[in-house]
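Below you'll find the structure, written out as structure tokens, and then a few comments.
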Amino acid sequence: MPSEPLVICICGMAGSGKSTQAKRIAEQYNLKYYSGGEALKQLALEMGYKPFERGWWESREGLAFLEMREQNPEFDRIVDEKLLEVAKEGNVILDSWTMPWLLKGGFKIWLEASLEKRAERVAKRDGISIERALEALKIKEAKTKAIYKKLYGFNLGEDLSPFHFILDTDPLTTDEVFQILSVVLDRLVFEKRKYKA
């Protein structure tokens, strides 16, 4: 077997489809799935927040938790250390905004989508207006980018140098994105590992 653990990172701004695609790929290839966002929600729960509602990250409480993270980035550091440990075990999909920059190995995918398209998707997903989704995304993304810039020095959504494959999802359906990613992973990840084995 190849010595390098199999790790696939899927990244993209909110509404790009990263979590949906990461879960589908994990199921398709029988890989473990870990989400940085879900790990942060667990920390929020332990601190007394109630991150259960649909679209919690864009809610008033979710944005308040984001402000607290901005003041104390240790929460993010704890989650990222956990994800790096998980990556060492291999056979995993990481749904994370930080791992593509922090992890040395792995195959890294960026799902690109315009702010307008992402706002449409978030509005539909969370049952809110497009205007509210757009406003929440702008606030959330500005703060999230500031956290990672301060903590690690990279520009989320701007510096795409860590990525092996970048896909514009604007004109594509969820199924079309999945089909493309499956072909890419078959040819660039799984076939190469067979040859190395």
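The values are calculated or read from the model by the stated rules, or taken from the named source; none is laboratory data. All values derive from a computational prediction rather than experimental measurement. Cβ coordinates were reconstructed from backbone atoms using ideal geometry, including for glycine residues, and neighbour counts include every protein chain displayed.
Filtering the stretch 102-109 for residues that are farther than 30 Å from T173 by Cα, at pLDDT below 95 and either aliphatic (A, V, I, L, M) or not in a helix (DSSP H, G or I) (or both) leaves a non-empty set.
Give me the pairs, please: first residue somewhere in the stretch 62-90 and more than 27 Å from V7 (Cα to Cα), second residue anywhere and buried (at least 16 other Cβ atoms within 10 Å of the Cβ) and among the small types (G, A, S), beta-carbon distance under 6 Å, and either six or more positions apart or on two chains. Partner pairs satisfying both residue conditions: F65/A44. Taking the numbered list (1) under 14 Å from the mean Cα position of the chain (by Cα); (2) buried (at least 21 other Cβ atoms within 10 Å of the Cβ) in turn, A87 passes all entries but (1). Got at least one residue in the stretch 16-30 being more than 29 Å from P171 (Cβ to Cβ) and within 17 Å of the chain's Cα centre (by Cα)? The answer is no, given that none of the residues of the stretch 16-30 is more than 29 Å from P171 (Cβ to Cβ) and within 17 Å of the chain's Cα centre (by Cα).
Can you go through K18, K32 and tell me which one is in contact (Cβ under 8 Å) with a residue 60 or more places away in the chain, in contact with a helix residue (DSSP H, G or I) (Cβ under 9 Å, 6 or more places away or on another chain) and closer than 24 Å to G105 by Cβ? Give the derivation first.
On the way: K18 fails: in contact with a helix residue (DSSP H, G or I) (Cβ under 9 Å, 6 or more places away or on another chain).
Of K18, K32, the one residue that is in contact (Cβ under 8 Å) with a residue 60 or more places away in the chain, in contact with a helix residue (DSSP H, G or I) (Cβ under 9 Å, 6 or more places away or on another chain) and closer than 24 Å to G105 by Cβ is K32.
Scan the stretch 110-118 and give yes if some residue there is in contact with an Asp or Glu (Cβ under 7 Å, 6 or more places away or on another chain) and assigned to a loop (DSSP other than H, G, I, E, B), otherwise no. Yes; the residues of the stretch 110-118 include at least one that is in contact with an Asp or Glu (Cβ under 7 Å, 6 or more places away or on another chain) and assigned to a loop (DSSP other than H, G, I, E, B).
Of the residues screened, F190 is not one that is of a type outside the set (S, T, Y), farther than 17 Å from E58 by Cα and either at pLDDT 95 or above or part of a loop (DSSP other than H, G, I, E, B) (or both).
Every residue in the stretch 41-62 that is part of a helix (DSSP H, G or I) and either buried (at least 16 other Cβ atoms within 10 Å of the Cβ) or touching a Pro at 6+ places or on another chain (Cβ under 8 Å) (or both), please.
Pass one, the stretch 41-62, residues part of a helix (DSSP H, G or I): 41-46, 56-58, 60-62.
Residues satisfying the conditions are K41, L43, A44, L45, W56, W57, E58, E61, G62.
Among the residues of the stretch 146-157, the ones that are farther than 15 Å from G36 by Cβ and either assigned to a helix (DSSP H, G or I) or out of contact with any helix residue (DSSP H, G or I) (no Cβ under 9 Å at 6 or more places or on another chain) (or both) come to 3 in all.
Select, from K117, K108, K145, K150, the only residue that is exposed (fewer than 13 other Cβ atoms within 10 Å of the Cβ) and either over 14 Å from the mean Cα position of the chain (by Cα) or of a type outside the set (S, T, N, Q) (or both). Spell out how you get there, then give the answer.
Numbers: K117 fails: exposed (fewer than 13 other Cβ atoms within 10 Å of the Cβ); K108 fails: exposed (fewer than 13 other Cβ atoms within 10 Å of the Cβ); K145 fails: exposed (fewer than 13 other Cβ atoms within 10 Å of the Cβ).
Criteria check complete, one pass: K150.
Restricting attention to the stretch 1-32, the residues that are hydroxyl-bearing (S, T, Y) and not in a loop (DSSP other than H, G, I, E, B) total 2. When V122, V177 are screened for being surrounded by 12 or more Cβ atoms within 10 Å (Cβ to Cβ), more than 15 Å from the chain's Cα centre (by Cα) and in a helix (DSSP H, G or I), only V177 passes.
So is R193 crowded, with 17+ Cβ neighbours inside 10 Å, out of contact with any helix residue (DSSP H, G or I) (no Cβ under 8 Å at 6 or more places or on another chain), touching a residue at least 24 places away in the same chain (Cβ under 8 Å) and not acidic (D, E) or not? The answer is no for R193.
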